[in-house]
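So the structure is just underneath, and the comments pick up after that.
A short reminder: the numbers here are calculations on the coordinates, not readings from a lab. Predicted model only: the values in this text are computed from it and were never measured. FYI the Cβ positions are ideal-geometry reconstructions off the backbone, even for glycines, and counts take in every protein chain you see.
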Amino acid sequence: MKRFLLTLALIGALVGALPTLASATVGGENGRIAFARGGDIWTVNRAGTKQIHVTQGSVRDEGPAWSPNGRWIAFTRTSNSGLGSDSIYRVRADGTGLRRIVAGGGPAWAPDGKRIAYAVRSSRAIWVANVDGTHRRALIRDVDIPDPYSCEDAADEGGCWLGSPAWGPFGKRIAFFWQYAIDEQGGFATVKAADGSGYKDITGGFSEDYSPDGAWILFSQYLYGPDTEESYVGYVPWNGGDERRVVSRSAPCCDALASMSAGWSPDGKRIVVGSEDEGIRTMDLDGSNVRFLAVGNSPSWQPLQR
């Protein structure tokens, strides 16, 4: 598994963002794109016009994820009390029907639209619950990650952080990110959605999204070395293998290069990438034909039923 080369300061910044990165895309026609800007959730069409302000207020909303039927947006809401106060909400695309689901962050919908996977910082675990918040269960905890990456051995130093879940389109596996609290070691892996078994390392970086056909997993990576920083988005076979980069940025150390987040289009032909530096852009799988849509980050592409 690839290693993160992160300073403690950068690790601290990333931990705050862990639960907000991933979403899940199911097959269908390409609809609107949800994203976060200024602590609110917005949507925009594929042409970059007709922006809709979905949520607004004194709290911070981020990490939107469209439901498989394209009718709801789940997202993470952080209250003014700060770290550890995250909750997951869902809302209709027009801003109506707001309701709280459960404490946690980084929601990823199951393909049947009946459950979500999410992260809970305090328990250092990935959880699964019904969309009404019932039947909550821990899918995998940091102590369940097998050797040689034993988080249990690091329990006295904070264990491991888990986040960024992404649910496979056939409902069988869930990808998630993990990283030692005191070390640069980390990456993302997958487990069986039914019971958290079948752990498999995939590669370094943050799991972002499965392709609609389930063949690939989109991920983002941030590498921090003594001389340079690098932020990029790529994709890798669902069971591991050679990665393919889509878009990459680098800068001299230590310029605080913006990290990226990404999602697949429902038709599987394009991806959407977001960063604080460059906003929301769509592009082909080789990084060509880039279209800027809006200022924002943490994009998710709405599936429309065929």
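For the reader, a short list of remarks on this structure follows.
- Residue within segment 294-304 that is on the phi > 0 side of the Ramachandran plot and not aliphatic (A, V, I, L, M) present: yes
- Condition broken by Ile202, with the remaining ones in (1) more than 18 Å from Arg245 (Cα to Cα); (2) without any contact (Cβ under 8 Å) to a residue 40 or more places away in the chain; (3) among the β-branched types (Val, Ile, Thr) satisfied: (1)
- Whenever a residue of segment 37-49 is touching a residue at least 40 places away in the same chain (Cβ under 8 Å), its partners that are acidic (Asp, Glu), lying with C-beta atoms within less than 8 angstrom and at least six residues away or across chains, give the pairs Ile41/Asp61; Ile41/Glu62.
- Hits in segment 101-148 (condition: more than 20 Å from Ser207 (Cα to Cα) and among the basic types (Lys, Arg)): Lys114, Arg136, Arg137
- The lone exception for Phe176 - which of (1) crowded, with 18+ Cβ neighbours inside 10 Å; (2) of a type outside the set (D, E, K, R); (3) over 22 Å from Trp127 (Cα atoms) it fails: (3)
- Condition met for Pro107 (within 18 Å of Leu304 (Cβ to Cβ) and of a type outside the set (Gly, Ala, Ser)): no
- Here the strands (runs of 3 or more DSSP E) wholly within segment 236-297 that include at least 2 residues being touching an Asp or Glu at 6+ places or on another chain (Cβ under 7 Å) and of a type in the set (Ser, Thr, Tyr) are 244-252.
- Residue check for Asp242: acidic (Asp, Glu), under 27 Å from Tyr199 (Cα atoms) and over 15 Å from the mean Cα position of the chain (by Cα): yes
Conditions tested, residue by residue: (1) touching a Leu at 6+ places or on another chain (Cβ under 9 Å); (2) closer than 25 Å to Asp61 by Cβ; (3) in contact (Cβ under 8 Å) with a residue 24 or more places away in the chain.
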{"site": "Gly263", "(1), (2), (3)": "yes, yes, yes"}
{"site": "Ile271", "(1), (2), (3)": "yes, yes, yes"}
{"site": "Asp277", "(1), (2), (3)": "yes, yes, yes"}
{"site": "Gly287", "(1), (2), (3)": "no, no, yes"}
{"site": "Phe292", "(1), (2), (3)": "no, yes, yes"}
{"site": "Val295", "(1), (2), (3)": "no, yes, yes"}
{"site": "Pro299", "(1), (2), (3)": "yes, yes, yes"}
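- Breaking point among (1) buried (at least 16 other Cβ atoms within 10 Å of the Cβ); (2) farther than 23 Å from Leu257 by Cα; (3) more than 19 Å from the chain's Cα centre (by Cα), for Asp195: (1)
- Those residues of segment 84-119 which are in contact (Cβ under 8 Å) with a residue 40 or more places away in the chain and not in a loop (DSSP other than H, G, I, E, B), in sequence order: Asp86, Arg90, Val91, Gly105, Gly106, Pro107, Ala108, Trp109, Ile116, Ala117, Tyr118, Ala119
- Hits in segment 295-305 (condition: surrounded by fewer than 19 Cβ atoms within 10 Å (Cβ to Cβ) and within 14 Å of Gly48 (Cβ to Cβ)): Val295
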